[in-house]
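Student: Sharing a structure, written as C-alpha coordinates. Questions coming.
The values are calculated or read from the model by the stated rules, or taken from the named source; none is laboratory data. Treat the numbers as computed from the prediction; the structure is a model and nothing was measured. Don't worry about glycine lacking a Cβ; one is built from the backbone with ideal geometry, like all the others, and counts go over all protein chains shown. For accessibility, only protein heavy atoms count, side chains too; no ligands or nucleic acids. Shrake-Rupley method; radii C 1.70, N 1.55, O 1.52, S 1.80 Å.
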Amino acid sequence: MAEGLSFHQQGQFDMAQQRYTQVLQLQPQNFDALHLSGVLASQTQQPQRAVELITQALRINPHVAGAFINLGVALRQLKQHQAAVDAYDQALRLQPQDVDTLINRGVALRVLHQHAQALDSYNQALALQPHRAEALYNRGLLFNDLNRLPEAIADFESTLRVIPQYHPARWGQTLCHLQAGDLALGWQTYDIRWLQDEKEFTTLALVSAKPKWQPGDHPTRLLLWPEQGVGDELMWGGLLQQAKVCADQLLVQLDARLIPLFQRVMPDVAFFPKGTPVNESLYDAHLPIGDLAGLFCQEFNEFQNIQPRYVSADPARVQALCIDLSGTDSRPLCGISWRSKNDKRGQDRSMALLDLVQAIGSDQVRFVNLQYGDVSDEIAQLKLAHGIDVIQCKDVDNLQDLDGLAALIEACDWVISVDNSTVHLAGALGKPVWVLLPFNADWRWFLNRTDSPWYPSATLYRQTTIGDWSSVISAIRSDVQNRCQQRYG
(Lines give C-alpha, C1' and ligand atoms only; values in the text may rest on other atoms or scores of the structure.)
Protein backbone atom coordinates (compact mmCIF):
# COMPACT_ATOMS: atom_id res chain seq x y z
CA MET A 1 0.00 0.00 0.00
CA ALA A 2 2.83 2.38 0.88
CA GLU A 3 4.53 1.83 -2.48
CA GLY A 4 1.23 2.22 -4.33
CA LEU A 5 0.43 5.48 -2.56
CA SER A 6 3.93 6.82 -3.26
CA PHE A 7 3.64 6.03 -6.98
CA HIS A 8 0.13 7.53 -6.99
CA GLN A 9 1.35 10.80 -5.47
CA GLN A 10 4.16 10.96 -8.04
CA GLY A 11 1.70 10.55 -10.90
CA GLN A 12 2.98 7.12 -11.88
CA PHE A 13 -0.53 5.72 -12.18
CA ASP A 14 0.32 2.40 -13.85
CA MET A 15 2.80 1.50 -11.12
CA ALA A 16 0.34 2.59 -8.45
CA GLN A 17 -2.43 0.43 -9.90
CA GLN A 18 -0.12 -2.58 -10.02
CA ARG A 19 0.53 -2.23 -6.28
CA TYR A 20 -3.16 -1.71 -5.43
CA THR A 21 -4.06 -4.76 -7.50
CA GLN A 22 -1.46 -6.84 -5.64
CA VAL A 23 -2.97 -5.75 -2.33
CA LEU A 24 -6.48 -6.66 -3.48
CA GLN A 25 -5.32 -10.08 -4.63
CA LEU A 26 -4.15 -10.72 -1.08
CA GLN A 27 -6.91 -8.77 0.69
CA PRO A 28 -10.00 -8.33 -1.55
CA GLN A 29 -11.74 -6.29 1.16
CA ASN A 30 -8.90 -3.83 1.75
CA PHE A 31 -10.61 -0.45 2.07
CA ASP A 32 -7.62 1.70 1.16
CA ALA A 33 -6.74 -0.29 -1.95
CA LEU A 34 -10.35 -0.19 -3.20
CA HIS A 35 -10.76 3.49 -2.41
CA LEU A 36 -7.48 4.61 -3.97
CA SER A 37 -8.01 2.37 -7.01
CA GLY A 38 -11.30 4.22 -7.44
CA VAL A 39 -9.60 7.60 -7.11
CA LEU A 40 -7.04 6.55 -9.70
CA ALA A 41 -9.80 5.38 -12.05
CA SER A 42 -11.46 8.78 -11.73
CA GLN A 43 -8.17 10.53 -12.47
CA THR A 44 -7.67 8.42 -15.60
CA GLN A 45 -11.16 9.14 -16.96
CA GLN A 46 -12.77 5.85 -15.95
CA PRO A 47 -15.59 7.29 -13.81
CA GLN A 48 -17.89 4.25 -13.96
CA ARG A 49 -15.12 2.00 -12.63
CA ALA A 50 -14.32 4.64 -10.03
CA VAL A 51 -17.91 4.61 -8.75
CA GLU A 52 -17.92 0.81 -8.52
CA LEU A 53 -14.64 0.64 -6.60
CA ILE A 54 -15.36 3.48 -4.19
CA THR A 55 -18.87 2.17 -3.53
CA GLN A 56 -17.37 -1.22 -2.74
CA ALA A 57 -14.93 0.44 -0.34
CA LEU A 58 -17.73 2.34 1.40
CA ARG A 59 -19.62 -0.90 2.02
CA ILE A 60 -16.59 -1.96 4.05
CA ASN A 61 -16.17 1.35 5.89
CA PRO A 62 -18.96 3.94 5.52
CA HIS A 63 -17.33 6.39 7.93
CA VAL A 64 -14.63 7.94 5.72
CA ALA A 65 -15.69 11.38 4.47
CA GLY A 66 -12.95 11.48 1.83
CA ALA A 67 -14.35 8.41 0.11
CA PHE A 68 -17.78 10.03 -0.21
CA ILE A 69 -16.11 13.17 -1.58
CA ASN A 70 -14.24 11.16 -4.21
CA LEU A 71 -17.42 9.26 -5.04
CA GLY A 72 -19.10 12.61 -5.68
CA VAL A 73 -16.30 13.62 -8.05
CA ALA A 74 -16.69 10.43 -10.08
CA LEU A 75 -20.48 10.79 -10.20
CA ARG A 76 -20.14 14.33 -11.52
CA GLN A 77 -17.86 12.99 -14.25
CA LEU A 78 -20.76 10.71 -15.20
CA LYS A 79 -23.11 13.72 -15.05
CA GLN A 80 -25.06 11.99 -12.27
CA HIS A 81 -25.33 15.23 -10.37
CA GLN A 82 -28.11 14.32 -7.92
CA ALA A 83 -26.21 11.22 -6.88
CA ALA A 84 -23.11 13.40 -6.45
CA VAL A 85 -25.05 15.75 -4.16
CA ASP A 86 -26.15 12.75 -2.09
CA ALA A 87 -22.51 11.65 -1.78
CA TYR A 88 -21.42 15.13 -0.71
CA ASP A 89 -24.23 15.23 1.87
CA GLN A 90 -22.91 11.96 3.32
CA ALA A 91 -19.43 13.47 3.51
CA LEU A 92 -20.76 16.59 5.26
CA ARG A 93 -22.49 14.48 7.89
CA LEU A 94 -19.03 13.19 8.76
CA GLN A 95 -17.17 16.49 8.22
CA PRO A 96 -19.74 19.32 8.41
CA GLN A 97 -17.21 22.11 7.91
CA ASP A 98 -15.29 20.78 4.93
CA VAL A 99 -15.09 23.76 2.58
CA ASP A 100 -14.09 21.77 -0.52
CA THR A 101 -17.11 19.54 -0.14
CA LEU A 102 -19.45 22.51 0.32
CA ILE A 103 -18.09 24.06 -2.89
CA ASN A 104 -18.37 20.84 -4.89
CA ARG A 105 -21.89 20.33 -3.58
CA GLY A 106 -22.78 23.83 -4.75
CA VAL A 107 -21.41 23.14 -8.22
CA ALA A 108 -23.50 19.97 -8.55
CA LEU A 109 -26.64 21.71 -7.27
CA ARG A 110 -26.18 24.57 -9.74
CA VAL A 111 -26.14 22.09 -12.64
CA LEU A 112 -29.44 20.74 -11.29
CA HIS A 113 -30.86 24.29 -11.27
CA GLN A 114 -31.29 24.04 -7.50
CA HIS A 115 -29.94 27.54 -7.12
CA ALA A 116 -31.20 28.33 -3.61
CA GLN A 117 -29.53 25.22 -2.18
CA ALA A 118 -26.37 25.87 -4.17
CA LEU A 119 -26.21 29.44 -2.90
CA ASP A 120 -26.60 28.18 0.65
CA SER A 121 -23.70 25.77 0.10
CA TYR A 122 -21.42 28.52 -1.22
CA ASN A 123 -22.43 30.85 1.61
CA GLN A 124 -21.58 28.18 4.18
CA ALA A 125 -18.17 27.71 2.55
CA LEU A 126 -17.50 31.46 2.58
CA ALA A 127 -18.60 31.77 6.20
CA LEU A 128 -15.78 29.34 7.02
CA GLN A 129 -13.25 30.78 4.55
CA PRO A 130 -14.33 34.29 3.41
CA HIS A 131 -11.55 34.62 0.86
CA ARG A 132 -11.82 31.22 -0.76
CA ALA A 133 -11.48 31.96 -4.48
CA GLU A 134 -13.29 28.83 -5.74
CA ALA A 135 -16.34 29.63 -3.63
CA LEU A 136 -16.39 33.28 -4.69
CA TYR A 137 -16.01 32.43 -8.38
CA ASN A 138 -18.67 29.72 -8.39
CA ARG A 139 -21.08 31.91 -6.45
CA GLY A 140 -20.47 34.58 -9.10
CA LEU A 141 -21.48 32.10 -11.80
CA LEU A 142 -24.62 31.29 -9.84
CA PHE A 143 -25.55 34.97 -9.44
CA ASN A 144 -25.06 35.30 -13.20
CA ASP A 145 -27.51 32.40 -13.72
CA LEU A 146 -30.05 34.35 -11.68
CA ASN A 147 -29.40 37.59 -13.65
CA ARG A 148 -28.15 39.17 -10.42
CA LEU A 149 -25.35 40.83 -12.33
CA PRO A 150 -24.05 43.37 -9.77
CA GLU A 151 -23.57 40.55 -7.24
CA ALA A 152 -21.92 38.36 -9.87
CA ILE A 153 -19.53 41.16 -10.85
CA ALA A 154 -18.68 41.76 -7.16
CA ASP A 155 -17.89 38.08 -6.60
CA PHE A 156 -15.70 37.93 -9.71
CA GLU A 157 -13.89 41.03 -8.48
CA SER A 158 -13.37 39.42 -5.06
CA THR A 159 -11.99 36.34 -6.79
CA LEU A 160 -9.49 38.49 -8.67
CA ARG A 161 -8.34 40.14 -5.45
CA VAL A 162 -7.40 36.67 -4.20
CA ILE A 163 -6.01 35.36 -7.53
CA PRO A 164 -5.30 38.38 -9.78
CA GLN A 165 -4.50 36.27 -12.84
CA TYR A 166 -7.55 34.01 -12.66
CA HIS A 167 -8.79 34.58 -16.22
CA PRO A 168 -12.19 32.87 -15.92
CA ALA A 169 -13.23 35.45 -13.30
CA ARG A 170 -12.20 38.33 -15.55
CA TRP A 171 -14.05 36.70 -18.47
CA GLY A 172 -17.16 36.22 -16.32
CA GLN A 173 -16.98 39.85 -15.27
CA THR A 174 -16.61 40.95 -18.89
CA LEU A 175 -19.69 39.02 -20.00
CA CYS A 176 -21.71 40.42 -17.10
CA HIS A 177 -20.79 43.98 -18.12
CA LEU A 178 -21.87 43.26 -21.70
CA GLN A 179 -25.09 41.56 -20.63
CA ALA A 180 -25.89 44.54 -18.40
CA GLY A 181 -25.41 46.84 -21.38
CA ASP A 182 -22.17 48.43 -20.11
CA LEU A 183 -20.72 48.10 -23.59
CA ALA A 184 -17.61 50.26 -23.31
CA LEU A 185 -16.62 48.54 -20.07
CA GLY A 186 -17.27 45.08 -21.51
CA TRP A 187 -15.36 45.62 -24.76
CA GLN A 188 -12.44 47.04 -22.76
CA THR A 189 -11.63 43.58 -21.37
CA TYR A 190 -13.08 41.43 -24.16
CA ASP A 191 -9.54 40.41 -25.19
CA ILE A 192 -9.45 38.19 -22.10
CA ARG A 193 -11.29 35.60 -24.20
CA TRP A 194 -7.98 34.54 -25.74
CA LEU A 195 -6.68 33.48 -22.33
CA GLN A 196 -9.55 31.08 -21.65
CA ASP A 197 -9.00 27.35 -21.53
CA GLU A 198 -10.68 25.05 -24.04
CA LYS A 199 -13.78 24.58 -21.90
CA GLU A 200 -14.50 28.30 -21.86
CA PHE A 201 -13.45 29.50 -25.30
CA THR A 202 -12.54 27.13 -28.10
CA THR A 203 -11.20 29.46 -30.79
CA LEU A 204 -7.44 29.75 -31.27
CA ALA A 205 -5.96 33.15 -32.02
CA LEU A 206 -4.30 33.65 -35.39
CA VAL A 207 -0.52 33.28 -35.30
CA SER A 208 0.96 35.66 -37.86
CA ALA A 209 4.17 37.58 -38.46
CA LYS A 210 2.03 40.49 -39.65
CA PRO A 211 0.99 43.02 -37.00
CA LYS A 212 -2.40 43.17 -35.35
CA TRP A 213 -4.38 46.17 -36.51
CA GLN A 214 -4.47 49.05 -34.01
CA PRO A 215 -6.81 52.07 -33.88
CA GLY A 216 -5.39 54.78 -36.08
CA ASP A 217 -3.78 52.33 -38.51
CA HIS A 218 -4.88 52.29 -42.15
CA PRO A 219 -3.14 49.40 -43.91
CA THR A 220 -3.67 48.70 -47.57
CA ARG A 221 -4.99 45.19 -46.88
CA LEU A 222 -6.60 44.07 -43.60
CA LEU A 223 -7.43 40.44 -42.81
CA LEU A 224 -10.40 39.87 -40.51
CA TRP A 225 -10.28 36.33 -39.16
CA PRO A 226 -13.13 34.31 -37.64
CA GLU A 227 -13.77 33.26 -34.09
CA GLN A 228 -16.33 31.25 -32.17
CA GLY A 229 -19.21 29.63 -34.10
CA VAL A 230 -21.36 30.21 -37.17
CA GLY A 231 -23.87 32.29 -35.22
CA ASP A 232 -21.09 34.53 -33.93
CA GLU A 233 -19.62 34.96 -37.41
CA LEU A 234 -23.04 36.01 -38.67
CA MET A 235 -23.49 38.47 -35.81
CA TRP A 236 -20.05 40.08 -36.18
CA GLY A 237 -20.60 40.06 -39.94
CA GLY A 238 -23.07 42.90 -39.54
CA LEU A 239 -20.07 45.14 -38.87
CA LEU A 240 -18.10 44.27 -42.00
CA GLN A 241 -19.45 47.21 -44.00
CA GLN A 242 -18.25 49.61 -41.31
CA ALA A 243 -14.89 47.81 -41.11
CA LYS A 244 -14.12 49.01 -44.64
CA VAL A 245 -12.96 52.33 -43.14
CA CYS A 246 -10.08 50.47 -41.44
CA ALA A 247 -8.19 49.65 -44.66
CA ASP A 248 -8.19 50.10 -48.41
CA GLN A 249 -9.14 46.46 -48.91
CA LEU A 250 -10.77 43.89 -46.64
CA LEU A 251 -9.94 40.20 -46.62
CA VAL A 252 -12.37 38.17 -44.52
CA GLN A 253 -12.17 34.57 -43.35
CA LEU A 254 -15.51 32.91 -42.63
CA ASP A 255 -17.05 29.49 -42.41
CA ALA A 256 -17.17 28.39 -46.06
CA ARG A 257 -20.93 27.79 -45.75
CA LEU A 258 -21.47 31.53 -45.14
CA ILE A 259 -19.29 32.99 -47.87
CA PRO A 260 -21.90 33.01 -50.71
CA LEU A 261 -24.35 34.86 -48.45
CA PHE A 262 -21.89 37.66 -47.71
CA GLN A 263 -20.28 37.71 -51.16
CA ARG A 264 -23.56 38.69 -52.84
CA VAL A 265 -23.81 41.83 -50.72
CA MET A 266 -20.07 42.66 -50.60
CA PRO A 267 -18.53 41.71 -53.95
CA ASP A 268 -15.61 44.06 -53.28
CA VAL A 269 -14.46 42.02 -50.25
CA ALA A 270 -12.14 39.03 -50.68
CA PHE A 271 -13.51 36.08 -48.71
CA PHE A 272 -11.52 33.01 -47.65
CA PRO A 273 -12.80 29.81 -46.06
CA LYS A 274 -12.21 29.28 -42.37
CA GLY A 275 -9.66 26.60 -41.59
CA THR A 276 -7.53 27.32 -44.65
CA PRO A 277 -4.52 29.56 -43.85
CA VAL A 278 -4.40 32.87 -45.72
CA ASN A 279 -0.96 33.52 -47.14
CA GLU A 280 0.69 36.38 -45.23
CA SER A 281 1.78 37.99 -48.51
CA LEU A 282 -1.88 38.85 -49.15
CA TYR A 283 -2.41 41.14 -46.13
CA ASP A 284 -0.58 43.82 -44.17
CA ALA A 285 -2.39 43.61 -40.80
CA HIS A 286 -4.99 41.40 -39.16
CA LEU A 287 -7.77 41.58 -36.58
CA PRO A 288 -10.20 39.05 -35.05
CA ILE A 289 -13.70 39.77 -36.28
CA GLY A 290 -15.06 39.98 -32.71
CA ASP A 291 -12.95 43.08 -32.07
CA LEU A 292 -15.14 45.05 -34.50
CA ALA A 293 -17.84 45.45 -31.86
CA GLY A 294 -15.48 47.34 -29.57
CA LEU A 295 -14.72 49.70 -32.44
CA PHE A 296 -18.22 50.32 -33.74
CA CYS A 297 -20.65 49.49 -30.91
CA GLN A 298 -19.51 51.48 -27.90
CA GLU A 299 -23.06 52.78 -27.41
CA PHE A 300 -26.43 51.29 -28.28
CA ASN A 301 -27.33 54.03 -30.76
CA GLU A 302 -24.34 52.95 -32.87
CA PHE A 303 -26.05 49.63 -33.63
CA GLN A 304 -28.32 51.62 -35.95
CA ASN A 305 -25.41 51.79 -38.39
CA ILE A 306 -25.71 48.05 -39.04
CA GLN A 307 -27.57 47.41 -42.29
CA PRO A 308 -30.86 45.60 -41.55
CA ARG A 309 -30.17 43.04 -44.32
CA TYR A 310 -26.46 42.42 -44.66
CA VAL A 311 -26.50 38.93 -46.21
CA SER A 312 -28.49 37.75 -49.20
CA ALA A 313 -29.91 34.40 -50.24
CA ASP A 314 -29.74 33.06 -53.78
CA PRO A 315 -32.79 34.60 -55.55
CA ALA A 316 -33.19 31.60 -57.86
CA ARG A 317 -33.27 29.15 -54.94
CA VAL A 318 -35.70 31.38 -53.05
CA GLN A 319 -38.04 31.44 -56.04
CA ALA A 320 -37.80 27.68 -56.51
CA LEU A 321 -38.54 27.01 -52.84
CA CYS A 322 -41.48 29.42 -52.86
CA ILE A 323 -42.94 27.44 -55.77
CA ASP A 324 -42.32 24.14 -53.97
CA LEU A 325 -43.98 25.40 -50.81
CA SER A 326 -46.93 27.06 -52.50
CA GLY A 327 -50.25 25.33 -52.89
CA THR A 328 -53.92 25.68 -52.18
CA ASP A 329 -53.27 26.06 -48.45
CA SER A 330 -53.13 29.80 -47.76
CA ARG A 331 -51.95 29.56 -44.16
CA PRO A 332 -48.67 31.43 -43.55
CA LEU A 333 -45.42 29.50 -43.54
CA CYS A 334 -43.69 29.51 -40.16
CA GLY A 335 -40.10 28.25 -40.10
CA ILE A 336 -39.28 26.54 -36.80
CA SER A 337 -36.16 25.42 -34.97
CA TRP A 338 -36.31 24.06 -31.43
CA ARG A 339 -32.89 22.82 -30.43
CA SER A 340 -29.42 24.21 -29.73
CA LYS A 341 -26.40 21.95 -29.76
CA ASN A 342 -24.18 24.39 -27.90
CA ASP A 343 -21.89 22.30 -25.70
CA LYS A 344 -22.38 24.37 -22.56
CA ARG A 345 -25.85 25.88 -22.84
CA GLY A 346 -27.66 23.83 -25.46
CA GLN A 347 -29.89 21.95 -23.04
CA ASP A 348 -31.08 25.15 -21.36
CA ARG A 349 -31.81 26.78 -24.71
CA SER A 350 -33.71 23.87 -26.26
CA MET A 351 -37.38 22.98 -25.99
CA ALA A 352 -39.54 20.06 -27.09
CA LEU A 353 -40.80 20.14 -30.68
CA LEU A 354 -44.32 19.27 -29.52
CA ASP A 355 -44.37 22.17 -27.05
CA LEU A 356 -43.29 24.59 -29.76
CA VAL A 357 -45.81 23.54 -32.42
CA GLN A 358 -48.66 23.40 -29.92
CA ALA A 359 -47.78 26.90 -28.73
CA ILE A 360 -47.88 28.23 -32.28
CA GLY A 361 -50.99 26.28 -33.28
CA SER A 362 -51.00 23.95 -36.26
CA ASP A 363 -54.46 25.13 -37.33
CA GLN A 364 -53.18 28.66 -38.01
CA VAL A 365 -49.87 28.08 -39.81
CA ARG A 366 -47.91 25.58 -41.87
CA PHE A 367 -44.65 24.55 -40.26
CA VAL A 368 -41.36 24.41 -42.16
CA ASN A 369 -38.40 22.61 -40.60
CA LEU A 370 -35.34 24.83 -40.15
CA GLN A 371 -33.72 22.66 -37.49
CA TYR A 372 -30.20 21.52 -38.35
CA GLY A 373 -29.25 17.88 -37.98
CA ASP A 374 -31.28 14.78 -38.74
CA VAL A 375 -34.69 15.25 -37.10
CA SER A 376 -36.69 13.06 -39.50
CA ASP A 377 -37.68 10.57 -36.83
CA GLU A 378 -38.76 13.34 -34.48
CA ILE A 379 -40.96 14.91 -37.16
CA ALA A 380 -42.41 11.54 -38.16
CA GLN A 381 -43.27 10.79 -34.53
CA LEU A 382 -45.01 14.16 -34.22
CA LYS A 383 -47.14 13.33 -37.26
CA LEU A 384 -47.91 9.81 -36.02
CA ALA A 385 -48.80 10.76 -32.44
CA HIS A 386 -50.46 14.14 -32.96
CA GLY A 387 -51.28 14.47 -36.67
CA ILE A 388 -49.15 17.60 -37.02
CA ASP A 389 -47.21 18.10 -40.25
CA VAL A 390 -43.81 19.77 -40.47
CA ILE A 391 -42.61 20.33 -44.03
CA GLN A 392 -39.07 19.10 -44.73
CA CYS A 393 -37.34 20.33 -47.87
CA LYS A 394 -35.25 17.45 -49.13
CA ASP A 395 -33.24 19.73 -51.40
CA VAL A 396 -31.81 21.65 -48.42
CA ASP A 397 -29.41 20.27 -45.82
CA ASN A 398 -30.08 22.64 -42.94
CA LEU A 399 -26.66 21.98 -41.43
CA GLN A 400 -24.25 21.88 -44.35
CA ASP A 401 -26.12 23.96 -46.95
CA LEU A 402 -26.50 27.31 -45.19
CA ASP A 403 -27.06 29.07 -48.51
CA GLY A 404 -30.01 26.75 -49.06
CA LEU A 405 -31.20 27.31 -45.48
CA ALA A 406 -31.10 31.05 -46.08
CA ALA A 407 -33.27 30.59 -49.18
CA LEU A 408 -35.67 28.44 -47.17
CA ILE A 409 -35.88 31.11 -44.45
CA GLU A 410 -36.67 33.71 -47.12
CA ALA A 411 -39.44 31.47 -48.46
CA CYS A 412 -41.12 31.48 -45.03
CA ASP A 413 -43.34 34.27 -43.76
CA TRP A 414 -41.50 34.36 -40.45
CA VAL A 415 -39.31 32.27 -38.18
CA ILE A 416 -39.74 31.07 -34.59
CA SER A 417 -36.63 29.55 -33.05
CA VAL A 418 -34.71 28.95 -29.85
CA ASP A 419 -31.31 30.61 -29.54
CA ASN A 420 -29.16 28.94 -32.17
CA SER A 421 -27.46 29.78 -35.47
CA THR A 422 -30.81 29.78 -37.32
CA VAL A 423 -31.77 32.90 -35.36
CA HIS A 424 -28.62 34.70 -36.46
CA LEU A 425 -29.11 33.73 -40.09
CA ALA A 426 -32.72 34.92 -40.06
CA GLY A 427 -31.70 38.16 -38.34
CA ALA A 428 -28.88 38.81 -40.81
CA LEU A 429 -31.37 38.30 -43.66
CA GLY A 430 -33.76 40.79 -42.05
CA LYS A 431 -36.47 38.12 -41.82
CA PRO A 432 -38.95 38.54 -38.94
CA VAL A 433 -37.73 36.10 -36.27
CA TRP A 434 -39.11 35.35 -32.83
CA VAL A 435 -36.30 34.26 -30.53
CA LEU A 436 -37.13 32.02 -27.55
CA LEU A 437 -34.65 32.65 -24.74
CA PRO A 438 -33.89 30.90 -21.44
CA PHE A 439 -34.07 32.90 -18.21
CA ASN A 440 -30.33 33.57 -18.23
CA ALA A 441 -29.89 34.31 -21.91
CA ASP A 442 -26.55 34.75 -23.62
CA TRP A 443 -24.97 38.17 -23.10
CA ARG A 444 -25.66 39.25 -26.70
CA TRP A 445 -29.39 39.49 -25.98
CA PHE A 446 -28.71 41.79 -23.01
CA LEU A 447 -31.24 42.07 -20.15
CA ASN A 448 -34.98 42.72 -20.13
CA ARG A 449 -35.21 43.59 -23.82
CA THR A 450 -37.83 42.36 -26.28
CA ASP A 451 -35.83 43.69 -29.23
CA SER A 452 -32.27 43.08 -30.44
CA PRO A 453 -29.82 45.84 -31.37
CA TRP A 454 -28.04 43.33 -33.62
CA TYR A 455 -31.16 42.34 -35.55
CA PRO A 456 -34.00 44.88 -35.92
CA SER A 457 -36.27 42.12 -37.30
CA ALA A 458 -36.01 40.04 -34.10
CA THR A 459 -38.51 39.87 -31.24
CA LEU A 460 -37.31 38.29 -27.99
CA TYR A 461 -39.38 36.06 -25.70
CA ARG A 462 -37.79 35.27 -22.34
CA GLN A 463 -38.44 32.70 -19.66
CA THR A 464 -39.63 34.35 -16.44
CA THR A 465 -38.52 31.36 -14.36
CA ILE A 466 -35.39 29.27 -14.85
CA GLY A 467 -36.08 26.22 -16.99
CA ASP A 468 -39.81 26.98 -17.43
CA TRP A 469 -41.01 27.68 -20.98
CA SER A 470 -44.66 28.18 -19.99
CA SER A 471 -44.53 31.99 -20.00
CA VAL A 472 -42.84 31.96 -23.42
CA ILE A 473 -45.38 29.48 -24.79
CA SER A 474 -48.27 31.59 -23.52
CA ALA A 475 -46.87 34.76 -25.11
CA ILE A 476 -46.21 33.03 -28.43
CA ARG A 477 -49.69 31.55 -28.55
CA SER A 478 -51.25 34.99 -28.04
CA ASP A 479 -49.00 36.78 -30.52
CA VAL A 480 -49.49 34.14 -33.24
CA GLN A 481 -53.25 34.58 -32.93
CA ASN A 482 -52.88 38.36 -33.24
CA ARG A 483 -50.56 38.05 -36.22
CA CYS A 484 -52.89 35.68 -38.05
CA GLN A 485 -55.94 37.85 -37.29
CA GLN A 486 -54.15 40.89 -38.72
CA ARG A 487 -53.20 38.89 -41.81
CA TYR A 488 -56.77 37.88 -42.52
CA GLY A 489 -58.54 40.79 -40.87
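Student: Calculate the translational D of region 163-218 in whole µm² s⁻¹ from Stokes-Einstein, where the hydrodynamic radius comes from the Kirkwood formula applied to all Cα pairs, the temperature is 20 °C and the viscosity 1.002 mPa s. Kindly include the intermediate steps, with their values, before the conclusion.
Tutor: Details: Rh = 12.9 Å.
Diffusion coefficient, whole number: 167 µm²/s.
Student: While we're looking at this one, here's another question. Where Rh denotes the Kirkwood radius from the mean inverse Cα pair distance, what is Rg over Rh for region 21-118?
Tutor: 1.01
Student: Something else about it: Please list 369-382, 285-298 highest first by mean number of surrounding beta-carbon atoms within 10 Å per residue.
Tutor: 285-298, 369-382
Student: Please list 3J(HN,Hα) in residue order for region 99-111, calculated via the Karplus relation 6.51 cos²θ - 1.76 cosθ + 1.60 where θ = phi - 60°; whole Hz, with x for glycine and proline.
Tutor: Once θ is set to phi - 60°, the couplings for region 99-111 become 5, 4, 5, 4, 5, 4, 4, x, 4, 5, 5, 4, 4 Hz.
Student: Can you work out the base-10 log of I(q)/I(0) for the chain at q = 0.08, 0.13 1/Å, using the Debye formula on its C-alpha atoms alone?
Tutor: With one equal scatterer per Cα and no solvent, log10 I(q)/I(0) is -0.63, -1.24.
Student: Roll a 1.4 Å probe over the protein chains and send me the accessible area per residue for region 295-447 in Å².
Tutor: Result: 41 Å² per residue.
Student: Could you give the angle, 0 to 90 degrees to the nearest 10, between helix 167-179's Cα long axis and the longest principal axis of the Cα atoms of the chain?
Tutor: 40
Student: Sticking with this one: Karplus couplings for region 6-14 from phi (6.51 cos²θ - 1.76 cosθ + 1.60, θ = phi - 60°), rounded to Hz, Gly and Pro as x?
Tutor: 5, 4, 4, 5, 8, x, 8, 5, 4
Student: Below 12 angstrom from the Cβ of Thr450, what's the summed charge of the other residues (Lys, Arg +1; Asp, Glu -1)?
Tutor: Result for the neighbourhood of Thr450: 0.
Student: Please work out, to two decimal places, the log10 of the ratio I(q)/I(0) at q = 0.16, 0.18, 0.21 Å⁻¹ from a Debye calculation in which every Cα of region 121-229 carries one identical scatterer.
Tutor: So the normalised log intensities are -0.80, -0.94, -1.14.
Student: Work out the P(r) tail for region 364-423: percent of alpha carbon pairs separated by more than 19 Å, whole number.
Tutor: Above the 19 Å cut-off, region 364-423 has 29 percent of its Cα pairs.
Student: What does the charge add up to near Ala152, with Lys and Arg as +1, Asp and Glu as -1, over the other residues with Cβ less than 11 Å from its Cβ?
Tutor: Summing Lys/Arg as +1 and Asp/Glu as -1 gives -2.
Student: Given the whole protein assembly as supplied and a 1.4 Å probe, what does the accessible area of Thr55 come to in Å², nearest 10?
Tutor: Result for Thr55: roughly 40 Å² accessible.
Student: OK, next. Calculate what fraction, in whole %, of the accessible area of region 87-220 sits on carbon and sulfur atoms when a 1.4 Å probe is rolled over the protein chains.
Tutor: On region 87-220, the fraction of accessible area on carbon and sulfur atoms equals 52 percent.
Student: Using Cα-Cα distances under 8 Å and only pairs 6 or more residues apart, what relative contact order does region 91-151 have, in percent?
Tutor: Relative contact order for region 91-151 comes out at 28 percent.
Student: If you plug each phi of region 241-257 into the Karplus form 6.51 cos²θ - 1.76 cosθ + 1.60 with θ = phi - 60°, what whole-Hz ³J(HN,Hα) values come out, in order, with x for Gly and Pro?
Tutor: So the J values, rounded to whole Hz, are 4, 5, 5, 4, 6, 7, 7, 6, 9, 9, 10, 10, 8, 9, 3, 4, 5.
Student: When the accessible area of region 357-489 is computed with all protein chains present and a 1.4 Å probe, what percentage of it is carbon and sulfur?
Tutor: For region 357-489, the apolar C and S fraction of the accessible surface comes to 45 percent.
Student: Quick check: the angle from helix 31-43's long axis to the longest principal axis of the chain, C-alpha only, nearest 10 degrees?
Tutor: Taking Cα atoms only, the helix is inclined about 20 degrees.
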